[in-house]
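Working notes, beginning with the structure itself.
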Amino acid sequence: MTTSTAFEKAKADGRAALVGYLPAGYPDVQGGIDALKAMVDAGCDVIEIGLPYSDPVMDGPTIQAAAQAALEGGVRTTDVLRTVEAVAATGTPTVVMTYWNPVEKYGVERFATDLANAGGAGLITPDLTPDFAPEWIAAADARDLDKIFLVAPSSTDERIAMTTAACRGFVYATAVMGVTGARATTSDLAGPLVARTHAAAPGLPVGVGLGVSNGDQAAEIAAYADGVIVGSAFVRTLLDHADDRAAGLRALTALTEDLASGVRRA
């Protein structure tokens, strides 16, 4: 299933899609797969799998901590692809979120081929913009992979138009300036950004990443966005239960169910 199909299904159900993120390889490769499958079972419509990277300039301390532990555990790009394969096998659209350097190092054509063969739906590329992405765009188009670029409150209308024109699947609206992380309140920048993005590309779903950490915040975002993207809150749940995996999976399931009820309430 493609990410656009998941967004269409959620829209038909009268709600926003819930997009859940975890980095591959935390607490280890199989533990990460188990956690992601628990999120699928509890209501995530789309899964983002992070490729752990040694210089995650846009990630907050929570995601950095889990990614660093994964790297120290020896996780490699092949492990990320194995995680994609296991999660995509559930029928849930599964994308990789990665900084560009690891893809270049692996080989753009090779990465696109291996991602497609693993059943992956596409890539979110936070530090790669469409105007610097001809090689990735060509490789993705040749394999029908989603190209998910980012827009921000600082983006001009011209920039939003250029970015959305290059996207396939959905566009990622990062509505907080700075690094990612769970927050106590949502940003007042998100609504206007989504409206501007919808105006530039009426048919393209907009997912909002905003530090959402509970169902009430998810409902707030789902009132105007097509998708609610949650990352740090999921990662924090696993970090908080590092010594008890079973408890971590139970807590992850409870959080996912709360978020899923939030996107339905909007």
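Data overview
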read-out: Residue match in region 147-159 (condition: buried (at least 20 other Cβ atoms within 10 Å of the Cβ) and basic (Lys, Arg)); value: yes
read-out: Residue that is surrounded by the fewest Cβ atoms within 10 Å (Cβ to Cβ), among those in region 103-140 that are in contact (Cβ under 8 Å) with a residue 12 or more places away in the chain and among the aromatic types (Phe, Trp, Tyr); value: Tyr106
read-out: Residue tally, condition within 23 Å of Gly262 (Cα to Cα) and open to solvent by 60 Å² or more (accessible area, probe 1.4 Å), over region 227-248; value: 2
read-out: Of all residues in region 204-213 being modelled with pLDDT under 95 and part of a loop (DSSP other than H, G, I, E, B), the one that is farthest from Ala161 (Cα to Cα); value: Ser213
read-out: Considering residues of region 181-197 that are open to solvent by less than 70 Å² (accessible area, probe 1.4 Å) and either in contact with a Leu (Cβ under 9 Å, 6 or more places away or on another chain) or modelled with pLDDT of 80 or more (or both) only, the residue farthest from Ala223 (Cα to Cα); value: Thr197
read-out: Residues located in region 72-102, provided they are in a helix (DSSP H, G or I), of a type outside the set (Asp, Glu), surrounded by fewer than 16 Cβ atoms within 10 Å (Cβ to Cβ) and free of Cβ contacts under 8 Å to residues at least 40 places away in the same chain; value: Thr78
read-out: Test: residue in region 50-65 that is hydrophobic (A, V, I, L, M, F, W, C), at pLDDT below 95, farther than 22 Å from Leu255 by Cβ and part of a loop (DSSP other than H, G, I, E, B); value: yes
read-out: So Lys105, is it within 29 Å of Gly262 (Cβ to Cβ), in a helix (DSSP H, G or I) and of a type in the set (Lys, Arg); value: no
read-out: Cβ pairs under 6 Å, 6+ apart, first in region 151-166 and at negative phi and at pLDDT 95 or above, second surrounded by 12 or more Cβ atoms within 10 Å (Cβ to Cβ) and of a type in the set (Ser, Thr, Tyr); value: Val151/Thr163; Val151/Thr197; Ile160/Thr197
read-out: Qualifying positions in region 36-49 - outside any loop (DSSP other than H, G, I, E, B) and either surrounded by 24 or more Cβ atoms within 10 Å (Cβ to Cβ) or under 12 Å from the mean Cα position of the chain (by Cα) (or both); value: Leu36, Met39, Val46, Ile47, Glu48, Ile49
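The values are calculated or read from the model by the stated rules, or taken from the named source; none is laboratory data. Keep in mind that this is a model prediction, so the values were computed, not measured. FYI the Cβ positions are ideal-geometry reconstructions off the backbone, even for glycines, and counts take in every protein chain you see. Note: accessible area is taken over every heavy atom of the protein model, side chains too, but ligands, DNA and RNA are not part of it. Shrake-Rupley method; radii C 1.70, N 1.55, O 1.52, S 1.80 Å.
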